[in-house]
Structures are given as C-alpha cells and as structure tokens.
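First comes the structure, then the notes that go with it.
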Amino acid sequence: MAKKRKVLVTGAAGYIAAQLLPEFRRRYDLVLLDARASDRGGKRVPGVMVVDLIDPDFNKYRHYFKGIDTIIHLGWKHSQGASGALARPRSVDDFYPEHENVHMAYNIYRVAMEEHVQRVVVASSNHAADWYEHELIHHKKLDAVDPYMLPLSDNFYGWAKATYEHMGFMFATGIFGRKLENVQVRIGAPREIRLKDYTKGDSLNYKRDLGAYISPRDLRQLFIKAVETESIENEYGVPWLVVYGISDNARAFWSLTSARDALGYEPQDDSEVKFQDEIQGFLYGRRGKAGPGRVGQ
C-alpha cells in the first residue's frame, strides 16, 4: 500500500475545514491545528490540537511541521465586529487584526520552508481583487476577473489575502534558500445560497453569489488537486499558482483558466442548475427585478 501524504491543516475547526476533512481523513495522514478545538456550534472536532500560530516563537509549534508533505492553511483570525470571512469590515482599524493574519501566514511559510515542507495550499479569497468586482463588474465595465490581474481590494480583509499571495510568491522564487511551492485558492462562496438571506428585489447580491458559489464536492476536488498535482511551476520556473475557487457557474465573473490548465480542475456543479427553481421565482417572478445578465440590475 502506498504511503499516505502527511498533510497539516490550520484552521481545522473552521467552516471550510468541515467540508474538506471527511474526505481528507480517508485520503491523508493529517495533523490538525487551530486556535480552538471546537467548531462554530461548540462541537469538539476530533484530532484538533490547539496552537497559536501568530506567536513569533516558532519553536512552540515547529515540531508539528516536521515530516509534513503539504500544509493547507485555512487559519484566519476574525476582525473585530466581523461575522465571518464573508463580512467586509471597512474601519481603518481593521488593519490591526488583518496584520496579525499576515503575520500568521509569514510564520507558516517560514517554518514550512525551514522544515522542508514541499508545498503550502493557502485559502485566499475573491476579496483579494474585489475592487474590480465592486467598481467595474457590477457596473458592467468589465466582464471577468483574471487571477493574474493586479490584486486590488478596497478593504483590509482583501488586502491581507493579496498580501498572502505576494508573500507566497517570494517564498516560491527560492530567494530565501529554496523554493517553497504554493497554491493560492481564491475561494468564492462555499455555502448554500438560501433565499431567506436576501430581500425581495436584491438581485445584485443574489446574482453575485450565484456566480461565486462553490459546492462542497467541487471545493474538495480543487483542494485535492492543489495538494496532489505534481508540478505547479509557471513558465518562469516559479512554483506559484493563483486559482479561483468556484463551481462551473453560468453567472461567474472570475476566470477558472488557471485552475483548469494548471491543476486539471473539472468542476461538477453549476449554481444555475442546482438552484434553478429558486432562481426562477426570485429573479423573474411577479415581484422580481433581475434585469438581464450576470450582475447588476
């Protein structure tokens, strides 16, 4: 029997991890870390060890990284007042908690490099480039966002994600002694799209989330391919990759080209099909005000 990959998961008690771990437990030899041992509902997550990865003393957690093949970095410290990663706090003070998240990403990259981990797969976000969405896509001045456009965000959450990506690139170049492979997954909306979460006539946000949707099975496939794809080097020999994490949605405005070409990602779901009955009533019913197209009114 082939030896299982040894995979370390940060943020292992979180929402994204909950969708990944059932398959990962069968597929990999796991080391699970989080700042807490219980999920959002207070239920203990088996195997999770509590550790503060923002602590600058690497020796407090270095031992967890020894012998690891791949790290999946899902850990994130909530900004004060934010209900979750989907919230977009706009206070100038949001710099401080997000700076801690950048510090945590640095700690992960550095210890991974020093302990000879081959690859880090990072939970980035579509918010790394969400200025294009807010200012151009929704006003129909741009049709799609490519993952290699200059990442521009108008909030500190997105700024932190873009900073993870750039920092990952530095580690991938080998400038610090060796190349640390990394895949940056700009996750979209990894949740069910429920009509009760939208007011009648709120077609912009509803259509936006239909475009951003990623189903649990597509999310698992994408992360597995990010872990297992043999080579992720670009044309310049740098093993660094940015991909959007969405399903094959008819209303999508983020490009899946890099995910398809570099990882062989083949999403199985489309929000337009999965939620077709709700879409018809909400967008085109008697009181619906959807307007044509993927976004806008």
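Each reported figure results from applying straightforward, stated rules to the coordinates on display, with no laboratory input. Source: prediction; values computed, not measured. Neighbour counts run over all protein chains shown; Cβ positions are idealised from the backbone, glycine included.
Residue ranges 219-226, 173-180 sort as 219-226, 173-180 when ordered by packing (mean number of other C-beta atoms within 10 Å per residue, highest first). Taking 75, 281, 168 as the candidate residues, the one with maximal mean-square fluctuation in a Gaussian network model of the chain, Cα springs under 10 Å, is 281. Compute a Gaussian network model of the chain, connecting alpha carbons closer than 10 Å, and tell me which residue from 56, 239, 267 fluctuates the most. Result: 56 has the largest fluctuation of those listed.
The translational diffusion coefficient of the chain, from Stokes-Einstein at 37 °C and 0.692 mPa s with a Kirkwood hydrodynamic radius over alpha carbon pairs, comes to 166 µm²/s. Projecting the Cα atoms of 236, 214, 136 onto the dipole axis of the chain, where Lys and Arg carry +1 and Asp and Glu carry -1 at the beta carbon, places 214 farthest toward the positive end. Relative to one another, the C-alpha centroids of the range 191-212 and the range 123-142 are positioned 16 Å apart. Every helix of 4 or more DSSP H residues in the chain counts as -39500 (n - 2.57), and over all residues that averages to -10000 deg cm²/dmol at 222 nm.
When you restrict to C-alpha pairs under 8 Å that are six or more residues apart and normalise by the size of the chain, the relative contact order lands at 16 percent.
For the residues 18, 212, 189, a GNM of the chain with alpha-carbon springs under 10 Å puts the largest fluctuation on 18. The fewest-to-most ranking of 231, 153 by surrounding Cβ atoms within 10 Å reads 231, 153.
About its Cα centre, the range 142-233 has a charge dipole of approximately 340 debye under the convention of +1 per Lys or Arg Cβ and -1 per Asp or Glu Cβ, with nothing else charged.
Each peptide in 107-118, 241-252, 269-280, 38-49 was scored by the mean count of other Cβ atoms within 10 Å over its residues; highest first, the order is 241-252, 107-118, 269-280, 38-49.
Determine the dipole magnitude for the range 204-246: charges of +1 sit on the beta-carbon of Lys and Arg, -1 on that of Asp and Glu, nothing else is charged, the reference point is the Cα centre, and the result goes in debye to the nearest 20.
Values: 5 positive and 6 negative charges, 75 e Å.
Value, rounded to 20: 360 debye.
Placing +1 on the Cβ of every Lys and Arg and -1 on the Cβ of every Asp and Glu, with no other charges, gives the range 90-202 a dipole of roughly 280 debye about its Cα centre.
Rounded to the nearest 10 degrees, the inclination of helix 203-212 to the longest alpha-carbon principal axis of the chain is 40 degrees.
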